[in-house]
1. Hey, can you tell me all the residues within region B:8-56 that are more than 14 Å from the chain's Cα centre (by Cα), more than 10 Å from chain A (Cβ to nearest Cβ) and of a type in the set (S, T, N, Q)?
2. Tell me the residue from B:P114, B:P151 that is at the interface with chain A (Cβ under 10 Å from one of its Cβ atoms), exposed (fewer than 13 other Cβ atoms within 10 Å of the Cβ) and modelled with pLDDT under 95, please.
3. For residues that are touching a helix residue (DSSP H, G or I) at 6+ places or on another chain (Cβ under 7 Å) and either free of Cβ contacts under 8 Å to residues at least 40 places away in the same chain or basic (K, R) (or both), scanning just region B:88-130, find the one that is farthest from B:S26 (Cα to Cα).
4. Evaluate the following for B:E107: is it open to solvent by 50 Å² or more (accessible area, probe 1.4 Å), modelled with pLDDT of 95 or more and away from DNA strand D (no atom under 16 Å from the Cβ)?
5. What is the residue count in region A:1-46 for residues that are in contact (Cβ under 8 Å) with a residue 60 or more places away in the chain and either of a type in the set (D, E, K, R) or at positive phi (or both)?
6. Go through region A:57-70 and count every residue that is under 13 Å from A:H100 (Cα atoms) and within 11 Å of chain B (Cβ to nearest Cβ).
7. Just to be sure I understand, how many residues within region A:117-138 are part of a helix (DSSP H, G or I) and surrounded by fewer than 18 Cβ atoms within 10 Å (Cβ to Cβ)?
2 protein chains.
Amino acid sequence: MKKDKAHLNLQRFLPYRLTKLSGIISRSLAQRYSDQFDLTIQEWRIVAILGERPGLTAREVGELSSLDKVNMSRAIDRLEKAGRLERKVIARDRRSFALHLTNKGEEVLQQIIPLAEDYEANLLSSFSEAEIEVLDRFLNQLDNSADMLSPVTKKAAE
Amino acid sequence: MKKDKAHLNLQRFLPYRLTKLSGIISRSLAQRYSDQFDLTIQEWRIVAILGERPGLTAREVGELSSLDKVNMSRAIDRLEKAGRLERKVIARDRRSFALHLTNKGEEVLQQIIPLAEDYEANLLSSFSEAEIEVLDRFLNQLDNSADMLSPVTKKAAE
DNA sequence: AAATAATAGTTGCAGATGTAACTAAATACC
DNA sequence: GGTATTTAGTTACATCTGCAACTATTATTT
């Protein structure tokens with residue numbers, strides 16, 4: 001009698017597909033950032049956030065960039081040493097600093113933004129406007145489901 | 001005169017969104033696999049592939065699971081030590097082995113498949129059948145674009 | 001068929017990353 | 001107001017990961 005074995009096609013398994021896709025994209029972007037600006041992806045995220053909202057603390061930037069505090073601490077160190085970011089003392093809370101891009105940091109950001117936008121546009125070049133909106137909605141739906149399915153996490157990073 | 005600074009909203013940046021999403025999903029799945037089966041995601045991929053196609057070599061499994069040869073070598077070691085996989089000598093090429101799941105490995109696979117399918121179904125619970133097809137197409141389109149945009153890579157893993 | 005190049009897989013090492021412990025400061029509690 | 005608890009950020013340590021060098025075997029070249 002034939003045993004009914006369950007089968008699973010990995011190549012069609014959504015978590016695998018997403019991880020693979022995001023890996024390819026991340027490696028490709030990391031390469032560009034690193035080659036041209038000596039910038040890691042973590043640093044890029046921080047710079048991007050601070051460009052929009054200067055003066056946030058490490059914790060706040062971390063929340064917006066999905067980086068935990070250890071990652072933040074290290075990336076901020078590197079950015080500061082590279083002269084791209086500075087910490088300003090906050091009077092009312094001397095545990096944290098207000099983070100600001102320096103001119104140098106701002107310059108990097110201004111150079112890298114078109115590059116990032118260009119990359120994104122290329123990724124989406126086969127999508128119509130309407131499809132991009134649908135994709136956007138799909139990603140939000142997946143985010144929501146994924147959050148629901150996540151064990152309650154004490155990670156600071158979300 | 002106002003400086004025209006470029007802005008970029010990280011939260012809406014597709015590579016960021018994909019990385020974040022895939023990270024949440026991967027961590028969540030890794031947790032489950034690890035808790036219940038003491039299995040890493042790499043090992044899971046290998047087991048899943050071998051369940052469908054026993055007898056492949058490490059290189060072949062690696063291609064199908066996007067794992068490079070170093071990752072493969074290590075994961076195969078762990079699976080073998082756990083008694084979940086065995087290597088069989090191939091007469092015509094003594095550099096490689098034919099990989100097979102043991103009964104133990106097959107058992108793990110049979111237990112884990114429903115869990116994985118259940119997780120995926122939950123991820124997609126807010127999607128209609130038609131939407132799932134669209135999502136599938138979108139992911140393929142993104143894969144294609146991402147591949148085009150990747151620097152020619154000698155990675156064995158794709 | 002000897003020499004050369006290519007391939008499969010392993011291992012050493014270095015850098016990256018995550019967890020947990022730690023310090024300093026702020027907040028809550030009594 | 002003083003003690004206990006929580007929070008922001010840093011650091012130490014252990015693990016993971018990726019690259020490059022290596023071994024063994026097979027394929028190619030001449």
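The values are calculated or read from the model by the stated rules, or taken from the named source; none is laboratory data. Everything numeric in this text was worked out from a predicted model, so none of it was measured. Because the Cβ atoms are built from the backbone with ideal geometry, glycine has one as well, and the counts that use them run over all protein chains shown. Heads up: the accessible areas ignore ligands, DNA and RNA and are worked out on the full protein's heavy atoms, side chains in. Shrake-Rupley method; radii C 1.70, N 1.55, O 1.52, S 1.80 Å.
1. Matches in region B:8-56: B:S34, B:Q36.
2. On the way: B:P114 fails: modelled with pLDDT under 95.
After applying the criteria, what remains is B:P151.
3. The qualifying residue farthest from B:S26 (Cα to Cα) is B:S96.
4. Working: open to solvent by 50 Å² or more (accessible area, probe 1.4 Å): yes; modelled with pLDDT of 95 or more: yes; away from DNA strand D (no atom under 16 Å from the Cβ): yes.
Answer is yes for this residue.
5. Total meeting the criteria: 1.
6. Here the count works out to 1.
7. Here is the first cut: in region A:117-138, the residues part of a helix (DSSP H, G or I) are A:117-123, A:129-138.
Pick out the ones that are also surrounded by fewer than 18 Cβ atoms within 10 Å (Cβ to Cβ) and you get A:117-118, A:121-122, A:129-134, A:136-137.
So the answer is 12.
Matching residues to (1) among the small types (G, A, S); (2) out of contact with any Gly (no Cβ under 6 Å at 6 or more places or on another chain); (3) under 20 Å from B:R12 (Cβ atoms):
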{"position": "A:L85", "(1), (2), (3)": "no, no, no"}
{"position": "A:G105", "(1), (2), (3)": "yes, yes, no"}
{"position": "A:A116", "(1), (2), (3)": "yes, yes, yes"}
{"position": "A:E129", "(1), (2), (3)": "no, yes, yes"}
{"position": "A:I132", "(1), (2), (3)": "no, yes, yes"}
{"position": "A:D136", "(1), (2), (3)": "no, yes, yes"}
{"position": "A:L139", "(1), (2), (3)": "no, yes, yes"}
